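The values are calculated or read from the model by the stated rules, or taken from the named source; none is laboratory data. Nothing here was measured: the structure is a model prediction, and the numbers come from that model. Glycine also receives a Cβ, built like all others from the backbone with ideal geometry; neighbour counts cover every protein chain displayed.
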Amino acid sequence: MQRSYNAGMISTATRSGTGSEGRTPNVLVRAARGEDAPLLRQWRAEETVRRYQPLHDVPTSQLRTDIASLDIEDLYRARGERFVWIVEADGTPCGWITLVVANWEHGLSEIGYALSSSFQGLGVMSAALAQLLPELFLRTAIERIEARCAVGNESSKRVLEKLGFVQEGRLRGYFKLRGERVDHLLYALLREDFLPA
C-alpha cells in the first residue's frame, strides 16, 4: 500500500476487498471545497444515506458557506470545531467524513460519515477511515474519537469494528428519525488503542 499526506489530502492506493471488479476502488480523502456543496446536497437527499441519519434539506448556498468557513489547517493547530473531508473512489467523489472536536484540551472528538448509494458495500468507507485515522492520531492533538450509529445500521457497525472502535454503550432514544426515537450505539477509539506502544 502506498500512502501520501499533504495539507488536507490523504490518499492510499489499495487493491484489496470486493467491488464490482473484485477489488476496493482506489480511495482518496481530501478536504471539502466550496464546489463540493452540490454533491453534498445530492448525497444528503439519498434515501440510503438518510435511512439512519436525521439529515435536513439544506440549500446548496448554505453548504457552500459552511464549507468556506472551515480551515483544515486549524486541525493541525488544535483549533476549530468542525472539519469535513470528501471521499473519492477511483477519482469520483462519493461521500463525506465529518469530524467535530468537542474539546481540544482533552483531545475529544466525534466522527461521522456517509457514502452515496452506488458506492456502499465496496469497502470504500473502511479504506477512507483507515487513511484518516492515522493522520488524526499521529499529526493532531486528537486522543479519543467517538462514533455513533443507529442500532439497526449493521454496515456502519461493521466499518467501526473493523477499524478497532470499541462499543461502549447504548444511547436510548438518541434522536428522532421519521418521528420515532432511535437508539444508537456509542463506539470509541483511543490513540493508545490505535497506535502500538
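Observations
- Among the numbered conditions (1) without any contact (Cβ under 8 Å) to a residue 24 or more places away in the chain; (2) touching an Asp or Glu at 6+ places or on another chain (Cβ under 9 Å), the only one that Glu105 does not meet is (2).
- Scan of segment 95-109 for residues that are in a loop (DSSP other than H, G, I, E, B) and surrounded by 19 or more Cβ atoms within 10 Å (Cβ to Cβ), ordered by number: Gly107
- Of all residues in segment 57-90 being at pLDDT 95 or above and among the β-branched types (Val, Ile, Thr), the one that is nearest to Arg139 (Cα to Cα): Val84
- Whichever residue in segment 103-131 is hydroxyl-bearing (Ser, Thr, Tyr) and more than 9 Å from the chain's Cα centre (by Cα) and, among such residues, is farthest from Ala89 (Cα to Cα): Ser109
- Check on Thr98, modelled with pLDDT of 95 or more and more than 17 Å from Leu55 (Cβ to Cβ): no
- Residue list for segment 22-54, restricted to those being within 15 Å of the chain's Cα centre (by Cα), within 24 Å of Glu180 (Cα to Cα) and of a type outside the set (Lys, Arg): Trp43, Val49, Tyr52, Gln53
- Matching residues, segment 53-94, being part of a helix (DSSP H, G or I) and farther than 24 Å from Glu105 by Cα: Thr60, Ser61, Gln62, Leu63, Arg64, Thr65, Asp66, Ile67, Ala68
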